[in-house]
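*Asks:* Okay, here's the structure, questions in a sec.
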Amino acid sequence: MPHDDPLHGARIVLGVCGSIASYKAADIASKLTQAGADVDVVLTDSAQKFVAPLTFRALTGRPVFTDMYDPQSPLAEEHVALARAASAMLIAPASATTLARLAHGMADNMVALTALATTAPVLVAPAMDAQMWAHAATQANVALLRGRGVIFVGPAEGRLASGHMGLGRLVETDVVLGALRQTLGASGDLAGRRVVVSAGGTHEPLDPVRFIGNRSSGKMGFAIAEAARDRGAQVALVCGPVALATPYGVSRIDVRTTDDMASAIGHATNGCDALIMAAAPADFRPAAVADQKIKRTGASLSLELVPNADIIGGLQGGFVKVGFAAETEQVNANASGKIAKKGLDLIVANDVTAPQAGFGHDTNRVTLIGADGRIDELPLLSKYDVGHRILDRVVAILASR
Ligand code: PMT
């Protein structure tokens with residue numbers, strides 16, 4: 001069974017250029033190593049003025065390359081060995097000078113040489129002053145490189161070394177890792193497929209200040225979206241109000257109420273291959289929404305709630321329909337009942353009272369129940385791994401059609 005995370009076992013060449021952001025490359029090297037990648041770090045001369053090779057050696061447990069003329073270097077024999085072995089090359093931070101070198105096919109240092117010699121995907125995360133990034137020369141190099149298939153990750157808006165705010169900041173490590181995962185997973189078993197995922201709870205307004213909601217954090221849906229992205233899918237993520245960063249490469253549609261979610265999912269599922277409804281849309285909303293904040297009078301307040309539409313139950317279409325069942329008792333029986341009721345191909349039953357499972361946790365313990373009766377009872381897993389197990393079943397259903 002191939003490991004779920006595309007970074008696991010991948011050979012990543014990490015090229016580091018001279019920039020105040022060079023220190024962030026250490027965090028990237030560390031996170032890549034923790035994800036199971038073999039990281040070969042290559043430093044330019046100017047990078048070494050900001051960060052020492054030993055830092056990367058300690059983080060990756062592997063030799064660090066700085067000088068292609070070093071007779072002691074493991075690459076003395078075959079200076080393109082890194083390039084040939086790479087699953088992908090990431091240059092982070094990438095300086096304006098390195099962009100110019102790459103654009104003109106120069107090979108006068110290890111980073112440029114490896115980028116020129118590799119046939120693996122090359123990702124570039126620029127970091128420089130805003131004016132340098134905006135300069136016509138830099139932008140011409142960027143356009144040339146993009147035209148050759150180089151993948152640019154950032155730069156981001158934010159505070160720059162100069163103290164000014166602007167576009168030129170190195171993107172966060174999670175963004176870089178997401179871009180690598182998407183790139184490495186692009187030819188996965190969901191390549192060419194469009195997957196819609198819903199996540200989070202909804203807010204059903206009571207007055208301009210108050211709403212009825214639930215404890216869904218969105219983590220389950222966001223994890224499924226990442227897993228689908230990492231298998232090559234084009235992913236649309238429809239989410240209620242949640243405090244989570246959008247996974248790299250995933251298109252996010254924010255909604256508030258169940259009604260909003262229903263219409264957003266109705267649009268997003270046009271022509272899609274699969275819908276995975278991990279969201280917790282409210283089944284009820286207040287019958288009346290007060291125009292002004294409801295005042296305390298000391299007396300009790302009764303609320304009339306009216307039913308919301310059943311989103312997944314009301315959807316027609318040739319796509320694979322995966323629902324969740326948030327249960328607190330007789331989990332599998334209650335979940336199985338929803339398969340026919342909502343016209344599902346698969347339901348993910350989770351006991352939301354189980355320890356370390358359900359709302360807000362990074363893990364979940366679920367049972368996958370197919371319309372064909374096939375049951376997979378899964379152990380406690382990360383929500384990302386749960387996402388992959390669900391997608392394994394989606395791939396099998398698609399293949400059977
Ligand atoms: O977001 P997290 O904090 O990570 O928590 C994850 C989770 C517990 C929310 C998730 O694992 C989960 O169980 N999601 C489903 C919650 C839910 O609404 O379950 P349900 O049994 O009430 O609904 C059954 C199915 O119908 C679900 O797929 C739900 O998305 C869908 N539904 C529900 C209500 C509604 N009005 N329309 C729907 O389509």
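The values are calculated or read from the model by the stated rules, or taken from the named source; none is laboratory data. For clarity, every value in this text was computed on a predicted model and none was experimentally measured. Ideal geometry is used to build each Cβ from the backbone, glycine not excepted, and the neighbour counts take in all protein chains shown. To get the accessible areas, we keep the full protein, side chains included, count just its heavy atoms, and leave off ligands, DNA and RNA. Shrake-Rupley method; radii C 1.70, N 1.55, O 1.52, S 1.80 Å.
*Asks:* Would you mind working out the magnitude of the charge dipole of the range 11-184 relative to its Cα centre, with +1 at each Lys and Arg C-beta and -1 at each Asp and Glu C-beta, to the nearest 20 Debye?
*Replies:* Taking the Cα centre of the range 11-184 as origin, the dipole is about 340 debye.
*Asks:* In what sequence, highest mean first, do 361-370, 7-16 appear when ranked by Cβ atoms within 10 angstrom?
*Replies:* By packing density, highest mean first, the sequence is 7-16, 361-370.
*Asks:* I'd like to know how the chain sits against the 2.2 N^0.38 Å rule of thumb: what's its Cα Rg over that expected value?
*Replies:* Expressed relative to 2.2 N^0.38 Å, the Cα Rg reads 1.15.
*Asks:* Which whole-angstrom value gives the distance between the alpha carbon centres of the range 184-233 and the range 131-168?
*Replies:* 30 Å
*Asks:* With every protein chain kept in place and ligands, DNA and RNA left out, what is the accessible area per residue of the range 11-184? Probe 1.4 Å, answer in Å².
*Replies:* For the range 11-184, the solvent-accessible area averages 44 Å² per residue.
*Asks:* Can you tell me the dipole magnitude for the chain around its Cα centre, using point charges on the Cβ only (Lys, Arg +1; Asp, Glu -1), in Debye to the nearest 20?
*Replies:* That gives a dipole near 520 debye.
*Asks:* Let me ask something else about it. Report in % the part of the accessible area of the range 43-100 that belongs to carbon and sulfur, leaving out ligands and nucleic acids; probe 1.4 Å.
*Replies:* Roughly 52 percent, rounded to a whole number.
*Asks:* Suppose only helical runs count, i.e. DSSP H with n ≥ 4. What mean residue ellipticity at 222 nm does that imply for the chain under -39500 (n - 2.57) per run, divided by all residues and rounded to the nearest 500 deg cm²/dmol?
*Replies:* The helix contribution divided over the chain gives -9000 deg cm²/dmol.
*Asks:* Rounded to the nearest 5, what % of DSSP beta bridges with both residues in the chain are antiparallel?
*Replies:* 30 percent
*Asks:* While we're here: If you average the C-alpha positions of the range 257-297 and of the range 4-54 separately, how far apart do those two centres end up, in angstrom?
*Replies:* Using only Cα atoms to place each centre, the spacing works out to 43 Å.
*Asks:* Can you pull the percent of Cα pairs in the range 239-333 with separation above 16 Å?
*Replies:* 68 percent
*Asks:* Pick out, from L14, L82, G271, the residue whose Cα sits farthest towards the positive end of the charge dipole of the chain, with +1 on the Cβ of Lys and Arg and -1 on the Cβ of Asp and Glu.
*Replies:* G271
*Asks:* Quick one: order H164, H388 from most to least accessible surface, probe 1.4 Å.
*Replies:* Ranked from most to least accessible, the order is H164, H388.
*Asks:* Continuing with this model, one more query. On the first, second and third principal axes, largest extent first, how far apart are the outermost C-alpha atoms of the range 11-184 in Å?
*Replies:* Cα spread of the range 11-184 along its principal axes, largest to smallest: 42, 32, 31 Å.
*Asks:* Using the structure shown, list the pairs from K219/K342; K31/K219; K31/K342; K341/K383 with a Cα-Cα distance above 29 Å, or answer none.
*Replies:* As for pairs spanning more than 29 Å Cα to Cα, those are K31/K342.
*Asks:* Where the only charges are on Cβ atoms (+1 Lys, Arg; -1 Asp, Glu), what is the dipole of the range 149-295 about its Cα centre, to the nearest 20 debye?
*Replies:* Computed about the Cα centre, the dipole is about 220 debye.
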